[in-house]
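Derivation of every value follows stated rules applied to the coordinates shown; laboratory data play no part. Everything numeric in this text was worked out from a predicted model, so none of it was measured. Reconstructed Cβ throughout: ideal geometry from the backbone, glycine too, with neighbour counts over all protein chains shown.
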Number of protein chains: 4
Amino acid sequence: MVVRAAVAGASGYAGGELLRLLLTHPEVEIGALTGHSSAGQKLGALQPHLLPLADRVLRETTPEVLAGHDVVFLALPHGQSAAVAEQLGPEVLVIDMGADFRLKNPADWERFYGSAHAGTWPYGLPELPGGRAALEGSKRIAVPGCYPTAVSLALFPAYAAGLTEPEAVIVAASGTSGAGKAVKPHLLGSEVMGSMSPYGVGGGHRHTPEMIQNLSTAAGEPVSVSFTPTLAPMSRGILATCSAKAKPGVTAESVRAAYEKAFADEPFVHLLPEGQWPATASVYGSNAVQVQVAHDPAADRVIVVSAIDNLTKGTAGGALQSMNIALGLDETTGLSTIGVAP
Amino acid sequence: MVVRAAVAGASGYAGGELLRLLLTHPEVEIGALTGHSSAGQKLGALQPHLLPLADRVLRETTPEVLAGHDVVFLALPHGQSAAVAEQLGPEVLVIDMGADFRLKNPADWERFYGSAHAGTWPYGLPELPGGRAALEGSKRIAVPGCYPTAVSLALFPAYAAGLTEPEAVIVAASGTSGAGKAVKPHLLGSEVMGSMSPYGVGGGHRHTPEMIQNLSTAAGEPVSVSFTPTLAPMSRGILATCSAKAKPGVTAESVRAAYEKAFADEPFVHLLPEGQWPATASVYGSNAVQVQVAHDPAADRVIVVSAIDNLTKGTAGGALQSMNIALGLDETTGLSTIGVAP
Amino acid sequence: MVVRAAVAGASGYAGGELLRLLLTHPEVEIGALTGHSSAGQKLGALQPHLLPLADRVLRETTPEVLAGHDVVFLALPHGQSAAVAEQLGPEVLVIDMGADFRLKNPADWERFYGSAHAGTWPYGLPELPGGRAALEGSKRIAVPGCYPTAVSLALFPAYAAGLTEPEAVIVAASGTSGAGKAVKPHLLGSEVMGSMSPYGVGGGHRHTPEMIQNLSTAAGEPVSVSFTPTLAPMSRGILATCSAKAKPGVTAESVRAAYEKAFADEPFVHLLPEGQWPATASVYGSNAVQVQVAHDPAADRVIVVSAIDNLTKGTAGGALQSMNIALGLDETTGLSTIGVAP
Amino acid sequence: MVVRAAVAGASGYAGGELLRLLLTHPEVEIGALTGHSSAGQKLGALQPHLLPLADRVLRETTPEVLAGHDVVFLALPHGQSAAVAEQLGPEVLVIDMGADFRLKNPADWERFYGSAHAGTWPYGLPELPGGRAALEGSKRIAVPGCYPTAVSLALFPAYAAGLTEPEAVIVAASGTSGAGKAVKPHLLGSEVMGSMSPYGVGGGHRHTPEMIQNLSTAAGEPVSVSFTPTLAPMSRGILATCSAKAKPGVTAESVRAAYEKAFADEPFVHLLPEGQWPATASVYGSNAVQVQVAHDPAADRVIVVSAIDNLTKGTAGGALQSMNIALGLDETTGLSTIGVAP
């Protein structure tokens, strides 16, 4: 099979990571690359790490440029995907790496994004219960947010197995690439290096309703989420520390058993051996998810920590994994669980 | 007043930070500096940032060497302070920067440290209710742990004011200097840079009983603590994200009011203006504590984030602040709230 | 003495560092703080590490606002200092932290800055031969660039002592704060962390003529400089690796002797003990300069490495040191050689 | 073809990087993995980023364990490779990633390593003149040092084309992984982060004679090298800033032309477009070498800057590239020029 893929938004971090992966995907041929302010520039000036594509020139994001591809990836600012997607035929697989089509509840969208809801597409997190079925043959895919990927994979087995009370507390640390390539003062290297700081505290982060959506579905009841993201002095990686009160009778053994079962056949999600905890460095550049679990007997809480690369499994790798499923390819094609470390 | 101070354990990070501060303390004269494996070496080879002391030679940690000082700071491995302290007279102010005398409950000590409990000394966290009174005129001081400093200052006002349920969830990120100068593989720069990872998950960290002790005292009832420390790619700093379920009727306004009141007269603890969140870079090298609070209405939790420099307010600055109180000096002498940034 | 000081450009890194130092200078009272786009904002929002000044409001940079001070520090973009300085009376000490008045040769200025030369002020590097005399009683001071500070202090003794041929090769690594707070894509944390890269290669960096000026003066003949600056993944610090061909008969001993003599009475410049090399971490936040020398017998070159904090000795500390001299204060007032490490 | 490969020294950084690459090499089957202190442990505990090999157990480095492979990679401490290699038959391809067989001159070896010289093997830097021919069909390969890789590729075209005088000045910054996994105090994260420092200054670094060997061969006359390595606050990457006096008549154009010619057919070495300079982040995890050149007209020096990943092209990738050539495989098999960034 030759899958011809276009990438709209090839100058940003998500687009760059997608291209990095597409370059080694054996079934994909990289087609049009588009940008907006970067249209007309060579990719080598924008993504100097992608040497094989250095001479490719970015074009404007227009229907004409995006026409003639089997897959179109959209790595656009929030709110812009719907207009582009409409102009692509229903036979084209459109994979939105933005937030536009992730949420089911229009009220959630409107509250957190302040605009009209564009709709809901099949959700690209295959590891969730029923996740793969929703993607097979689909022509539209909403790629999950990076934090919801890390958090949902950490906690859904606990909720699906009825181990935890429906009030989750999550503190996650993210590398700065999660904030994208926008030049904002607080993202300057001078500000970031040597510093940890929180943001969006108190329920304000836009990824919160997406986590609630996923965990509530797994639990079969409404789950509340207290989510605090923090910015860490690193380029990539999310470490999500997630916990919830244990339900009566839950033990370290029952927790571990539930997670072993949940991830037994997962190609990308690895429950680490007992005693070993995830580190973001171990999944750097890979599509792997490292998970470890504990039961704190004194606080009687189940604690789950997951590590992902926010750009790979958290964005571009997750998109590719979903593409593989949608197209009937082996799910792991072009993806690996091999990190770049140290 | 001239206070003659000795530092036992001058080659480590805690000892080095203490010396950095003592060098600019107007009432202190730096006396004997001791070490064990480093005895006989010049300080300049061990602490190259302390140029004014570069030619001072470290001596063995013996009673003779430590004799004749007004204050002796102990920056020794856990379990070694009691033996040294016994040999110093009751008229000498002994300030233990280790854990030996922090805990009140011998069972806690034995469980977390695996040895016989040496006793309990007045606790060097002046900002806690009754904290200053316990230190005035004292000749023995136990300096709090770095995490308990960040966490206790973040949460005690909520518990003292009855705002929160007695189950706290804490995730804290620490710079690597918190682990000391011991050469362990996971502390190598190659492992640490670009990586976040948790440790001591599930209640295993030795600072947990100390937090419980402080928060339970503030609450007037037993508080449980779910504490997850993480190692962050930076040298210094602790960012503690703390939360607990709000008690009925608690609002963002009542939370803020309680914290404004708690910290109104504190020279080192600053409740930031609304909308501004702590960053460890802002307290780098300073004795300041930056705190911000929120009430998440959806999860109905009170969230408090604090930032400290683990070596300054979290260790050596806290020790000096307590010394000042014990000796009847102005509490802020030789300490500042000015960070080194960016 | 009470010196009333104004800071024009208080929102940037140079201005922030200057305020950090002024806060502990015993003779200085901090007066007006000004900015341009930041006028009207509280300093706490712009420099969150300067808690004692958090409530100070920035004002516009106008003659009225700057009037009534003994010293006015200008931390303005290149080319703006002359206009402001003209409006301040000749009795006011004006210290320009920008480049406007550093160069003696108008042609150099025009070539590297592309505008008309504003003039030449006494040069604020007291350690150079004749450096202090030029500053005593002066009412105008041009603060050296950060790279020229590190490089000139590293190499002038070799040239003054006639040890080296007049062709210097310099490669220096700087932390990102040297580039200021301007939000440019290549200064984003995501780009900077984990990366080293050069810039201004081949003689293009604006600090080159300033180095040539200093070293040629020391040598008494024209010195050529091959200067390559590199951007390092750290916030602060410059490590300058400087070398030149040894003149006949030069040995390791004669090099060391020349440097010992040159720095014997210097309060801030420290020739390290043999075998110990400078590290930027050791001078973090301090006004110290660490220097070490070697003679490579095979290549027959003298190699000198210096480390400074680009914001302290390289900018604001150097400015304050010069102010002290100009005002007849002890040169070290308010400055230290104590770094913040680790 | 199925190439069965063993890795002796699989627990270190070089061994880990080699395994990362071997895992995706289409012709290689990973055989025995050995260690010394780590024998008996699972690889997952030592190299947690290599999830597909997590359950592989390390064995002792013995002839029996290493028998039966087509290729044996040696990632052993200096001085240990000869003894192991002797016990492997002449039909086995042995690739030494240590220094033992790099130098041609026994006196150089003895001076820099202090032991008897083991011999000289074909040198694994195919890009050098005659480099490929030396490797084709060879059964013994000495992998170059990381610094010599970066420096030799940067400078050999200038020397081969007669553009530069035979006195090279090199300052290189390396990530900490270059120092290996040995736990030494100065390699602790707390020491490394935020700091730049030199080491081995004045000709003492063991990679110096290797550079001299390569450049002298290219020049056809003895080249002297002044080499100063510095430790940078990053895990991976080398940025080498290399320069030499231009010979008469050399211009920016003639320099560029020589480099364009030298690298025109090289799959891994890329002369960047004019105006773009190498960054180590761009070659992170890739086998690419980014090079840029300049002629400084004022100093009349040719300046060449190269960036490599010290573990990939500088060690394991270089080893694999040479293996491909020795075995008659396409040289680029299992290697890429795609970096992991940001």
> Based solely on its DSSP helices, what 222 nm [θ] is calculated for the protein assembly as shown when runs of n ≥ 4 H residues each add -39,500 (n - 2.57) and the sum is averaged over all residues, nearest 500 deg cm²/dmol?
Replying inline: -7000 deg cm²/dmol
> Hey, what does the equivalent ellipsoid look like for the stretch C:91-210, semi-axes from the Cα gyration tensor as sqrt of 5 times each eigenvalue, largest first, whole Å?
Replying inline: 26, 20, 15
> Once the convex hull of the C-alpha atoms of the stretch C:1-55 is built, how many Å³ does it hold per residue, rounded to a whole number?
Replying inline: 68
> What is the Rg over Rh value, at two decimals, for the protein assembly as shown, using alpha-carbon atoms and the Kirkwood definition of Rh?
Replying inline: 0.95
> What are the label-to-label distances in nm, one decimal and shortest first, from B:Gly204 to the same spot in the other copies, with labels 7 Å along Cα to Cβ?
Replying inline: 3.6, 4.1, 5.3
> If you line up the long axis of helix D:146-160 against the longest principal axis of chain D, both from Cα atoms, how many degrees apart are they, to the nearest 10?
Replying inline: 40
>> Suppose we look only past 14 Å in the calculated P(r) of the stretch B:95-164. What percent of the Cα-Cα pairs does that tail hold?
In response: 63
> Under Stokes-Einstein, with the Kirkwood radius over Cα pairs standing in for Rh, what whole-number D in µm²/s applies to the stretch D:206-298 at 10 °C and 1.306 mPa s?
Replying inline: 104
> To two decimal places, what compactness ratio does the stretch A:160-208 give when its Cα radius of gyration is scaled by 2.2 N^0.38 Å?
Replying inline: 1.54
>> I'd like the distance separating the alpha-carbon centroids of the stretch C:295-342 and the stretch A:174-225, in whole Å.
In response: 41
>> Between A:Lys245, A:Lys313, A:Lys261, where does the largest GNM mean-square fluctuation fall for chain A, given springs only between Cα atoms within less than 10 Å?
In response: A:Lys261
> Where does each of D:Ser37, C:Ser224, D:Ser322, C:Ser216 land when they are ranked from fewest to most other beta-carbon atoms within 10 angstrom?
Replying inline: D:Ser37, C:Ser216, C:Ser224, D:Ser322
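Relative contact order of chain B: what whole-number percent is it, with Cα pairs under 8 angstrom and at least 6 residues apart?
Details: 787 pairs, mean separation 58.6, N = 342.
RCO, chain B: 17 percent.
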> Between D:Leu50, D:Asn105, D:Pro122, whose Cα lies farthest towards the positive end of the dipole of the stretch D:38-122 when Lys and Arg beta carbons carry +1 and Asp and Glu beta carbons carry -1, centred on the Cα centre?
Replying inline: D:Leu50
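Charges only on Cβ, +1 for Lys and Arg, -1 for Asp and Glu: so what's the dipole of the stretch C:201-278 about the Cα centre, in debye to the nearest 20?
Taking the Cα centre of the stretch C:201-278 as origin, the dipole is about 260 debye.
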> Can you give the Rg to Rh ratio for chain B, taking only C-alpha atoms and Rh from Kirkwood?
Replying inline: 0.96
> Nm distances between the label at C:His36 and the same-position labels in the remaining copies, 7 Å along Cα→Cβ, shortest first?
Replying inline: 2.8, 5.9, 6.2
> In what sequence do D:Glu60, B:Glu17 fall when counting other Cβ within 10 Å, fewest first?
Replying inline: D:Glu60, B:Glu17
> When Lys and Arg each count +1 and Asp and Glu each count -1, what net charge do the other residues less than 13 Å away from D:Met1, Cβ to Cβ, add up to?
Replying inline: -3
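May I ask you to work out the translational diffusion coefficient for the stretch D:55-149 at 10 °C, viscosity 1.306 mPa s, via Stokes-Einstein with Rh from the Kirkwood sum over Cα pairs, reported in whole µm²/s?
This corresponds to a translational diffusion coefficient of 112 µm²/s.
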> What residues qualify as long-range amide H neighbours of B:Lys247, i.e. H under 5 Å apart, gap of 5 or more or another chain, H built at 1.01 Å from N?
Replying inline: B:Thr164, B:Glu165
> Pairing the Cα long axis of helix C:252-263 with the longest principal axis of chain C, what angle in degrees results, from 0 to 90 and rounded to the nearest 10?
Replying inline: 20
>> Whole angstrom only: what separates the Cα centroid of the stretch A:265-291 from the Cα centroid of the stretch C:65-139?
In response: 57
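Kindly flag which residue pairs out of B:Lys139/B:Lys184; C:Lys104/C:Lys181; A:Lys247/B:Lys247; C:Lys181/D:Lys181; C:Lys42/C:Lys104; D:Lys104/D:Lys245 have an alpha-carbon separation exceeding 32 Å in this structure.
Beyond 32 Å: B:Lys139/B:Lys184; C:Lys181/D:Lys181; C:Lys42/C:Lys104.
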> How far is D:Gly220 from the same spot in each other copy, in nm, shortest first, if each label point sits 7 Å from Cα toward Cβ?
Replying inline: 4.3, 8.3, 9.4
> How far, in degrees from 0 to 90, does helix C:208-219 lean away from the longest principal axis of the Cα atoms of chain C, to the nearest 10?
Replying inline: 60
